[in-house]
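Written below as structure tokens is the structure these notes are about.
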Amino acid sequence: MKKLVLVGLVLLLYVSVVVPFTAYMQNKPFVEKLGYVPSAATLRTTSLDQQYLVSSTLIMKVLFYYGSLFEAQKNHIDIPPNYDGMVDVIETAVKLDPYNMDGYYFAQAILTWDNRRIERANALLEYGMKYRDWDFYLPFFAGFNAAYFLKDYPTAAKYYQRAADLTGYALFSKLAGRYMYEAGKTELAIVYLKTMLASTHDETIRQSFQLRLAALEETRRAEVARDLFIAEQGRHPKSLAELEQTGTLDFPLVDPYGGKFFLDETGQVRTTSKFSFAGAKKSRQ
Amino acid sequence: MWQVFRANLKGIFRDRVFLGILVAATIFPLIPSVSSLSMRQVTELSITLSFSLLTFILLLLAIFLGGTSLWKDIERRYTFSIAGLPLTRGQYLLGKFAAIAVFLLLVSLVLGLLLLMTVYVTSILHPPIRPVVWGNLVLAVLFHCLKYILLVSFTFLFSTVSTSFFLPIFGTIAVFFVGTASQQVFDFLQSPSGQKLPVLLQQIATGLYYIVPNFTAFDLNVNAIYALDVPLNGIGLTLLYFIVYLVIILSCASFLFARRELN
């Protein structure tokens, strides 16, 4: 009986410690969760013959961190992401394993839309292209970044041509040519996101892309309606409400981030969320 | 020598080392589900994880099996009785070494098969962009095995001069560290930053590079994971390097063991 009580006490003690301990670990600041990562040269030496494992582990670490951040944002908890920390870790990881596609893919996902560090993203993609010389995704990403964010069409065309050479896909040849000038930014982004979505397994990244894609498709719907209105009426619409009133826009626009679509002074379709939950929250305040 | 080899191989099995490895190998079936956490390279991650598990098991075996085998015989004074047997100390040492080397080969074969099955399952569930080159996987397993056999030879070399198990175990761990990093140090010495180092230091480091083993050459993981071409001349040279280096280390070990005073 005494033994039983003793075992019960030890178990109780363990539970009373492990519950706050788990909560403490869960609520640790994100920077602490990411932790300090030594330089790639140091890691390469100390990881012995496990450098590919170390590289994959680092990327997983960042991915889990990003996942928890995304969940927090969806629940309207505003935690500033440590993008620099994440990218530093990713850069270290791809130096350990320069073929690791997860690293490039993730860096592309977080460095562009959310962080607007386009040059840094493209430098990383350029580095990856030296190794993954069979992979069309890297020049495809770099081409999109150059066209969509930097508006550097000659550079974008160079990357898309490389993607076209690797795959023989007509789409990339089109993007490398005049298509980029003719198509709007929104359409270009939709093509890009659909390609990204088709090839991702990760649920967090998938959800993030799906949200952005839904927002872009709504933007595109508004743009098409606006252009139709201009063609029919010979003037710019005053607002998106006018498009709805005239029946050009068949049903109301919905921003999945919680913002409201509007036409800016130049007639461009915008949303108050700026494609982020934080932006939508800010606009409501 | 044949009898020493047989007795030792039987002894390893009798100690249930193989059973322990099979228990550790139960992690293999978990690898496909862990690999699915990858965004874009599930099969590649499964190969990475499988090789990590395989090399980790081989490393532990090489250090602990090799590091304790000869030392244990000396410590328990079993070696004292070999004086009456019709074999030289060198043959005795080589017989023991061969038993561990063959055991490592057998373990590599079993773990290699499990690795292939794991990768096959993952590649069916998540077809990779580049098809898996199965020959590269087999070669990578084989060369990892050779690397650890070479490491075992160091445990024997240290055991011949050691009076405790510290040198065979920790000396071999140190050799493994140095042997894995030697190529990186050499590459650094050839770089512009390395050229700025004092000349004497450069010469010492270069000299050491030729003395310590180069384990990087045995690492074909990148070729196996990303289906990259394996340079055939490199494979041939590495095999030759393995044979020559092994002969040198075992000769040194036999020489030292023959002159060791066994009480």
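The values are calculated or read from the model by the stated rules, or taken from the named source; none is laboratory data. Model, not experiment: these values are computed from the prediction. Don't worry about glycine lacking a Cβ; one is built from the backbone with ideal geometry, like all the others, and counts go over all protein chains shown.
So here's what we get for this one:
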item: Only one of A:Arg206, A:Arg226, A:Arg212 that is more than 16 Å from A:Tyr257 (Cβ to Cβ) and at pLDDT 80 or above; result: A:Arg226
item: Within the stretch B:52-79, tally of residues that are within 11 Å of chain A (Cβ to nearest Cβ) and over 28 Å from A:Arg206 (Cβ atoms); result: 6
item: Condition broken by A:Pro154, with the remaining ones in (1) in contact (Cβ under 8 Å) with a residue 24 or more places away in the chain; (2) over 19 Å from the mean Cα position of the chain (by Cα) satisfied; result: (1)
item: Verdict on A:Val54 being modelled with pLDDT of 85 or more, within 16 Å of A:Thr92 (Cα to Cα), surrounded by 14 or more Cβ atoms within 10 Å (Cβ to Cβ) and hydrophobic (A, V, I, L, M, F, W, C); result: yes
item: Unique match (being buried (at least 16 other Cβ atoms within 10 Å of the Cβ), out of contact with any Phe, Trp or Tyr (no Cβ under 6 Å at 6 or more places or on another chain) and away from chain A (no Cβ under 14 Å)) among B:Tyr148, B:Tyr92; result: B:Tyr92
item: Lone qualifier among B:Thr180, B:Thr122, B:Thr155 - being buried (at least 18 other Cβ atoms within 10 Å of the Cβ), touching a Phe, Trp or Tyr at 6+ places or on another chain (Cβ under 6 Å) and among the β-branched types (Val, Ile, Thr); result: B:Thr180
item: Meets criteria (crowded, with 17+ Cβ neighbours inside 10 Å, within 14 Å of chain A (Cβ to nearest Cβ) and within 30 Å of B:Lys96 (Cβ to Cβ)) for B:Phe5; result: no
item: Residue check, B:Leu104 surrounded by fewer than 19 Cβ atoms within 10 Å (Cβ to Cβ), closer than 18 Å to B:Leu9 by Cα, more than 14 Å from chain A (Cβ to nearest Cβ) and in contact with a Cys (Cβ under 9 Å, 6 or more places away or on another chain); result: no
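To keep it simple, each residue is scored yes or no on (1) buried (at least 20 other Cβ atoms within 10 Å of the Cβ); (2) without any contact (Cβ under 8 Å) to a residue 40 or more places away in the chain.
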{"position": "A:Met196", "(1), (2)": "yes, no"}
{"position": "A:Arg212", "(1), (2)": "yes, no"}
{"position": "A:Arg221", "(1), (2)": "no, yes"}
{"position": "A:Ala225", "(1), (2)": "yes, yes"}
{"position": "A:Arg235", "(1), (2)": "no, yes"}
{"position": "A:Glu244", "(1), (2)": "no, yes"}
{"position": "A:Gly247", "(1), (2)": "no, yes"}
{"position": "A:Asp250", "(1), (2)": "no, yes"}
